[in-house]
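The values are calculated or read from the model by the stated rules, or taken from the named source; none is laboratory data. These numbers were taken from a predicted model, which means no experiment stands behind them. Glycine gets a Cβ as well: all are built from the backbone with ideal geometry, and neighbour counts include every protein chain shown.
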Amino acid sequence: MTSVADIAARLDRLPGTRRIWMMVVLLSLGGCFEYFDLFLTGSIAPGLVHAHIFTATTAGFFGNNGIASFVAAFFIGLFIGTLAFGFVADRFGRRRIFTVSLIWYSLCTLIMAFQTDAASINLWRLLAGIGIGVELVTIDTYISELMPKHLRGRAFVINAAIQFSILPIAAALAWWLVPQSPLGFDGWRWLVIIGAAGAVVVWFIRRPLPESPRWLAGRGQLAEADRIVAQLEADVPPGALLPVTLVAAPVAEKGRLREIWHRRYLARTVMLILFNVFQAVGYYGFANWVPTFLIQHGITITHSLEYTFLIAIAAPFAPLLFFGLADKVERKVLVIVSAAAVAVFGLCFGEARSPAAVVGFGVLVTMANNVLSFAFHSYQAELYPTRIRAVAVGFVYSWSRLSVIFMAFVIAFTLRDFGVSGVFMLIAGSMVVVIAATGLLGPRTRNRSLEEIAG
């Protein structure tokens, strides 16, 4: 009879078929919209300031009319989505939740495009963030459960490359639209509407995706899990299936978030909380503020968006450069090396003055950040059992959102009083914490089944 262990073992012996990689592509398209919105934050900031809706800095630390409040609103939504609603994908299934969350995002984003004051824009920005917060956790969970153990790293490379491919597109659109008002409608509003419309298109083309077989098996729906895995196996040429290696897997049971504090998972939970709090400073501190940093260096709005576009072109290529190494190097090693690169290149960017140096070091920071991103998205989704994977990942990931909520105001304060160089000193210090936490507490995951890692 089919069991949970059978389903897991059959998934792990699959080669990389066209169907499996297409599923990864379709899943990854949904994640594009966090990165579109992430980049939207920095790209439309000059337009929002120019329209006198927001100010570049804040008079008080938690001022609600500055760009920092616009950044914070999105991340409050992401925090609520990942922390408060992470459990829904464990309870109701991966497929249903990533569908609902994408439609939620699209509707809230469309409404935001027509708001005229800072408070209303921030409100709908926050609500859109809830949808994307749930979406991204569910995508990471689904990909880790779907992919064979020998392909998980490369799957997250493809996932990252697709998601980051939206960045140069968003940058090009911002460069073109933000300084203008086509048809009398502010350019930043057009950019927001494009994001909402794109999410609907992705929802439509992702409808054929099945439920996660591991989730179905863990819920006792073994017949349906067997049917989906059999479809995946049917695409494999004769003799191409790897030998089956059974690893003990738990019977169907209901997971609880409190399990992450048990002795088996305590060290990795502490590591991921520290990691997410401090990596967010480097990743979002750069991506959300690039145009503003450039303007602080005396570069005009138009030229800052042009330089931002040139920097963003590198985003999808950085993960692909590591495609061949993704399953050959331990995930924690990639995390440590890329975090160190963010610190070094960030300090150089903070001191750069010539256009070539600004763009060059900006590209290097972007590439290092994006390698860090695909490595840790893969890593944290591997560290918990299927029964609590979504809620556990949502919990630890929510700390990065909480970090950015406050860090947006810290960066605005640091930028005002210490300049761009001061901001990158802050980022470098944060990367040191990431390196220490991952190196000391992170377990090994390369080429191990999810069931073996969970223990």
message: So, in the range 113-133, how many residues would count as being in contact (Cβ under 8 Å) with a residue 60 or more places away in the chain and surrounded by 24 or more Cβ atoms within 10 Å (Cβ to Cβ)?
response: 4
query: Any idea how many residues of the range 209-258 are closer than 25 Å to S28 by Cβ, small (G, A, S), part of a helix (DSSP H, G or I) and at pLDDT 90 or above?
result: 4
- request: Check every one of the helices (runs of 4 or more DSSP H) wholly within the range 54-157 and list those with 3 or more residues that are more than 30 Å from R448 (Cβ to Cβ).
  value: 67-84, 94-112, 118-146
message: Against the condition surrounded by fewer than 24 Cβ atoms within 10 Å (Cβ to Cβ), in a helix (DSSP H, G or I) and basic (K, R), how does R416 come out, does it pass?
response: yes
Test: residue in the range 385-405 that is more than 30 Å from F92 (Cβ to Cβ) and aliphatic (A, V, I, L, M): no
- request: Six or more apart or on different chains, Cβ under 9 Å: which pairs go from a residue in the range 429-441 that's surrounded by 14 or more Cβ atoms within 10 Å (Cβ to Cβ) to one that's part of a helix (DSSP H, G or I) and of a type in the set (D, E, K, R)? Could you list them?
  value: T438/K332; G439/K332; L441/R268
message: I need every pair where a residue in the range 83-98 that is at pLDDT 80 or above has its Cβ under 8 Å from the Cβ of a residue that is among the hydrophobic types (A, V, I, L, M, F, W, C) and not in a helix (DSSP H, G or I), sequence separation at least 6 or different chains.
response: R95/L209
task: Considering every residue within the range 417-429, establish whether at least one is modelled with pLDDT of 90 or more and either under 23 Å from the mean Cα position of the chain (by Cα) or under 26 Å from L83 (Cα atoms) (or both).
output: yes
